[in-house]
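The values are calculated or read from the model by the stated rules, or taken from the named source; none is laboratory data. In this text, all values refer to a predicted model and were calculated from it rather than measured experimentally. A quick note on method: Cβ atoms are made from the backbone with ideal geometry, for glycine too, and the neighbour counts reach across all protein chains shown.
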Ligand code: FAD
């Protein structure tokens, strides 16, 4: 059997390399550290956790916890070691980061089918089955090669993302659907503000606390002119936002009458926050122009001052940081293969999933499929009602134009057949449906044996 090449020993690459080896396929596994460190990594160990030591909420009726449980059932080594090295963290799966990474490094290095090389890969290998998992801080030479492979418009280097809000947490008695000047279909949800509400919001935004930028983020931000954080726009003057993303012209709530009628002049909003639909089902809404560097707690506090968003539930907060990621909806299928080269797969933050657990899930799927391709088997996609399946379905089918990284969340799951108002109950049903379907799928698609072995002759 020809070896599979896995490039990058972060969470995704470590999981991928293990799944390849576990299925009996040799793997050449590259990690550039310690010869070369990224600006965020500090050790030579595999699966280094670059910031927090937490994989998120543990309970399976939370999005992260459901993904943990799916990965446990799929035989993930990263989640297995996380469970083994867990430390008390009040309902979250947090680990002793040093022990966790050291253990994974030893386990991988000792596997007889893993040829572990501490080298930087500067070009995508042109032959063989390859998994790219070099993360948000992929080294510059490889980034350039990948950019040539994908085409320059399909790579991003800086993530300046606005918060994403769960649709049903938006108060529709206040927010109204409309497109500016009623052009085309009413495509935006609009949160109108009167003058008083706007001024209070403006003052709160100016006074809100920002997260400190890392040096490498500050450098990257220079490449991102024209995409100013909302708080910086606010600081430029009281009306700057009203001439930018909060522009009210051409937006009127038709429930109040005809906006062009001069008699309705005083009903026209003073400012409007627009939200654009993020997913096909309309469960996720992106706050237009609200890329921000505010601390997450401050974002929740200040953005909930916007009329209609008082009870907003955020699935992703706004961020501005260096992040190399590809335009997955253009480039990848839900099996994590590149559409332009079926033997090239990718996983982790590089494909626009966000967070440690999502990177691990991508590593599981890319590694499983790489091994299957090496054995001449059909690649598989995970069931869309699972959190892992929904994540890869989302990143491979979202709108390419506005594509931004996505963490696991319940908004990306297909809706339940019946509407359940109680949130806890609803999330419990999502969990049960996902885990039942995963168990059924494992038997049907994998014969409940290690994924990559199924169908092997
Ligand atoms: P990584 O874990 O970054 O792994 C990629 C690996 O590839 C690295 O080991 C790197 O050295 C290696 N590599 C890069 N280029 C090459 C090359 N050319 N050849 C060989 N090896 C190479 N997520 C969270 O869930 N919680 C957090 O607290 C959090 N904090 C973050 C803080 C920062 C500063 C950054 C940048 C990201 C943070 N993230 C956080 C997101 C985080 O990056 C991902 O969740 C996760 O690390 C992604 O895993 P990955 O395997 O895709 O990438």
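In this structure, does residue 47 turn out to be within 22 Å of residue 322 (Cα to Cα), within 14 Å of the ligand (Cβ to nearest atom) and at pLDDT 95 or above?
yes
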Practice task
Report the residue count in segment 243-291 for those that are crowded, with 17+ Cβ neighbours inside 10 Å, more than 27 Å from residue 390 (Cβ to Cβ) and modelled with pLDDT under 90.
Solution key: 1
Practice task
Specify the residue that is surrounded by the fewest Cβ atoms within 10 Å (Cβ to Cβ); the eligible residues are those in segment 393-411 that are assigned to a loop (DSSP other than H, G, I, E, B) and away from the ligand (no atom under 16 Å from the Cβ).
Solution key: 401
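I'm trying to understand the selection: among the residues of segment 1-35, which are within 7 Å of the ligand (Cβ to nearest atom) and either surrounded by fewer than 19 Cβ atoms within 10 Å (Cβ to Cβ) or not in a helix (DSSP H, G or I) (or both)?
Correct list: 7, 8, 9, 10, 30, 31, 32, 33.
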Practice task
Could you tell me whether any residue of segment 82-92 is within 16 Å of the ligand (Cβ to nearest atom) and touching a residue at least 60 places away in the same chain (Cβ under 8 Å)?
Solution key: no
Exercise for the section: Kindly indicate the residue of segment 121-136 that is within 19 Å of the chain's Cα centre (by Cα) and within 6 Å of the ligand (Cβ to nearest atom) and also surrounded by the fewest Cβ atoms within 10 Å (Cβ to Cβ) among those meeting that condition. Expected result: 136
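Among the candidates 103, 145, single out the residue that is in a helix (DSSP H, G or I), within 25 Å of the chain's Cα centre (by Cα) and touching a residue at least 12 places away in the same chain (Cβ under 8 Å). Walk me through how you get there before you give the answer.
On the way: 103 fails: within 25 Å of the chain's Cα centre (by Cα).
When all the criteria are applied, what remains is 145.
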Handout entry: Failed condition for residue 321, given (1) within 12 Å of the ligand (Cβ to nearest atom); (2) surrounded by fewer than 23 Cβ atoms within 10 Å (Cβ to Cβ); (3) closer than 15 Å to residue 132 by Cα
Key = (3)
Handout entry: Where a residue in segment 150-163 is closer than 16 Å to residue 137 by Cβ and its partner, wherever it lies, is at pLDDT below 80 and surrounded by fewer than 21 Cβ atoms within 10 Å (Cβ to Cβ), with Cβ under 6 Å and at least six apart
Key = 158/224
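State whether the residues of segment 412-421 include one that is touching a residue at least 24 places away in the same chain (Cβ under 8 Å), in contact with a strand residue (DSSP E or B) (Cβ under 9 Å, 6 or more places away or on another chain) and within 16 Å of the ligand (Cβ to nearest atom).
Going through segment 412-421, the residues touching a residue at least 24 places away in the same chain (Cβ under 8 Å) turn out to be 412-415.
Among the residues that remain, those that are also in contact with a strand residue (DSSP E or B) (Cβ under 9 Å, 6 or more places away or on another chain) are: 412.
When the remaining residues are screened for being within 16 Å of the ligand (Cβ to nearest atom), the result is none.
No; the residues of segment 412-421 include none that is touching a residue at least 24 places away in the same chain (Cβ under 8 Å), in contact with a strand residue (DSSP E or B) (Cβ under 9 Å, 6 or more places away or on another chain) and within 16 Å of the ligand (Cβ to nearest atom).
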Completion exercise
A careful count of residues in segment 50-62 that are more than 7 Å from the ligand (Cβ to nearest atom) and assigned to a loop (DSSP other than H, G, I, E, B) gives 6
Completion exercise
Counting only helices (runs of 4 or more DSSP H) wholly inside segment 155-242, the ones holding at least 1 residues that are modelled with pLDDT under 85 are 215-221
Practice task
Look through 80, 75, 65 and report the one residue that is in contact with a strand residue (DSSP E or B) (Cβ under 8 Å, 6 or more places away or on another chain) and not in a strand (DSSP E or B).
Solution key: 65
Exercise for the section: Pick out the one residue from 390, 361 that is within 16 Å of the ligand (Cβ to nearest atom), under 17 Å from the mean Cα position of the chain (by Cα), at pLDDT 95 or above and not in a strand (DSSP E or B). Expected result: 361
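Every residue, every condition in (1) in contact (Cβ under 8 Å) with a residue 60 or more places away in the chain; (2) surrounded by fewer than 24 Cβ atoms within 10 Å (Cβ to Cβ); (3) more than 22 Å from residue 286 (Cβ to Cβ), yes or no:
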residue: 311; (1), (2), (3): yes, yes, no
residue: 314; (1), (2), (3): yes, yes, no
residue: 328; (1), (2), (3): yes, no, no
residue: 342; (1), (2), (3): no, yes, yes
residue: 345; (1), (2), (3): yes, no, yes
residue: 360; (1), (2), (3): yes, no, yes
residue: 364; (1), (2), (3): yes, no, yes
residue: 371; (1), (2), (3): yes, no, yes
residue: 375; (1), (2), (3): yes, yes, yes
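Look at segment 83-100 and say how many of its residues are under 11 Å from residue 45 (Cα atoms) and assigned to a strand (DSSP E or B).
So the count comes out to 0.
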